[in-house]
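Below is one structure; the comments refer to it alone.
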Amino acid sequence: MKKKISLLLCVLVMALSFVGCSEEKVSKTTRETLEQSAEVFIGSFSQMADEDLESFKTVSDFQLDYIMMSNYLPVTGENFLAIINSWQAAEAECGEYVSHGDYEVTAKNDGYEVSTEAEYEVRKATILFVFDEKMNVESMDVSAKFSMGEVLTKAGLNTLLGMGTVFVVLIFLAFLISLMKYIPVLMSFFDKKEKKAEVKEAAQTVAVDDTVEMTDDLELIAVITAAIAAGEGTSTDGFVVRSIRRRTSNNW
């Protein structure tokens, strides 16, 4: 048992020693340089109006990089525009910037992080700067701190929105399903309409056929009357055809 406790204590001592070494990596000079860089960005942005910040977005990439170099700002033009967007988004969410506290510098494997607690008009937030190994600014992020009531309110609204959307879709599907019973009625209605159209077309065809047949009979009567009159040597005025009947056999 004593050996296990001694082993656990050794592990804790080693872990604490590694933590102490990682914190010692940030020298006093490095810490001051990083804090001054962060202070320059926060101080400059807090004193600029939105019009001044927007003016940087109209400058070309080459001109913006030249401005950063001429003012000894350790940041590229592209990253500088990203930082401006983060600053504007933070003020839109948290209100106008008021002040900030002390900086906390942390060494990472590929650079450094500098954070501070900031006070805005609406709520507090954490401002985090990320530097590379050469202490050039890569990004800035502002994380707003919401109260428990705001978090619960947002969660409730998201839940209501999600459930409301689901219920609306289900109600719409139920309405569509309820209309399915009218489909057979509509189909029978269109079927009857099509049948009426077919019957009407058939009747018109029969009427045309009867007219054609009657025309053929009149022509036949005229021919027979003319033949009889020629055979008798008289005119067709004295002949009256009562009817024409077809013989069952073809023998004359």
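The values are calculated or read from the model by the stated rules, or taken from the named source; none is laboratory data. Nothing here was measured: the structure is a model prediction, and the numbers come from that model. All Cβ positions, even for glycine, are placed from backbone atoms using ideal geometry, and neighbour counts span all protein chains on display.
Okay, here's what the table says:
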item	result
Odd one out for Asp110 among (1) modelled with pLDDT of 90 or more; (2) among the acidic types (Asp, Glu); (3) touching a strand residue (DSSP E or B) at 6+ places or on another chain (Cβ under 9 Å)	(1)
Filtered residues of segment 85-119 (kept if in a loop (DSSP other than H, G, I, E, B) and closer than 21 Å to Arg31 by Cβ)	Asn109, Asp110
Leu160 free of Cβ contacts under 8 Å to residues at least 24 places away in the same chain, of a type in the set (A, V, I, L, M), surrounded by 10 or more Cβ atoms within 10 Å (Cβ to Cβ) and part of a helix (DSSP H, G or I)	yes
Inter-residue pairs, beta-carbon under 9 Å, first on the phi > 0 side of the Ramachandran plot and in segment 100-115, second in a strand (DSSP E or B) and of a type outside the set (D, E, K, R), 6+ apart	Gly111/Val130; Gly111/Phe131
In segment 120-157, the residues that are surrounded by 10 or more Cβ atoms within 10 Å (Cβ to Cβ), part of a loop (DSSP other than H, G, I, E, B) and of a type in the set (Lys, Arg)	Arg123, Lys145
Qualifying position, being part of a loop (DSSP other than H, G, I, E, B) and of a type in the set (A, V, I, L, M, F, W, C), among Val40, Val59	Val59
Enumeration of residues in segment 74-103 that are under 15 Å from Ala118 (Cβ atoms), of a type in the set (A, V, I, L, M) and surrounded by 14 or more Cβ atoms within 10 Å (Cβ to Cβ)	Ile83, Ala90
Yes/no for Thr126 being under 33 Å from the mean Cα position of the chain (by Cα) and not assigned by TED's automatic domain parsing to the domain that holds Thr58	no
Candidates Met148, Met135, Met140, filtered to the one that is farther than 30 Å from Phe41 by Cβ and either outside the structural domain of Glu119 (by TED's automatic domain parsing) or of a type in the set (A, V, I, L, M, F, W, C) (or both)	Met148
Any pair with Cβ under 6 angstrom, 6 or more apart, that starts in segment 36-58 at a residue that is within 17 Å of Ala89 (Cβ to Cβ) and ends at one that is assigned to a helix (DSSP H, G or I)	Phe45/Trp87; Leu53/Ile84
